[in-house]
Amino acid sequence: MTQPSLTAFFKRERLIAEQLCLLFAGRLYEALKEFVEKNGKALHPKLVEAFRRRLPEIESVNNLVDVMAYSMWLYSALANLGVKASVNPSGPGFPEAVDKPIPENLDDQSTKKLLVAISTALNAQYIPREWFK
């Protein structure tokens, strides 16, 4: 019985990593698109334009470092809008001491969906580096 080669193993792992990249980028794209559609009137026009300019970039991301970078950028943008939430591997968290973690002028559902997509995409940091060689 022949053993599978190490090269074949890493080719398979690299393919999995590439598929995860597409999955994370796709979820970020869809969540940001919905967020902009539902909150466009509540946001400053320059911020809406910045989000719209980034949509094609996010959709075409082809590496996990960029996925994580866009995730952190979006998380920072939400924090600047007054969203009080944390992101961790199990999903977004909202502090119990805060009555309304998402400001009144933002749509709760699309904001939470974007936070879930950000949290999920940040899990890319746990993918072994060896999968990309």
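When only alpha carbons of the chain are considered, Rg and Dmax amount to 17.3, 64 Å.
Restricting attention to the chain, the count of lysine pairs at 8 or more positions apart or across chains with alpha carbons under 23 Å apart stands at 23.
Would you mind classifying the stretch 81-133 by shape? Square roots of the alpha carbon gyration tensor eigenvalues, ordered a ≥ b ≥ c; an a/c under 1.5 is rounded, otherwise it is prolate if a/b is larger than b/c and oblate if not. Cα axes put the stretch 81-133 in the prolate bin.
Which shape class, rounded, prolate or oblate, goes with the stretch 47-125 when its Cα gyration tensor gives a ≥ b ≥ c as root eigenvalues, a/c under 1.5 marks rounded, and past that a/b bigger than b/c marks prolate? In terms of gyration-tensor shape, oblate.
Since every read-out is calculated from the coordinates, none of them should be taken as a lab result. Keep in mind that this is a model prediction, so the values were computed, not measured.
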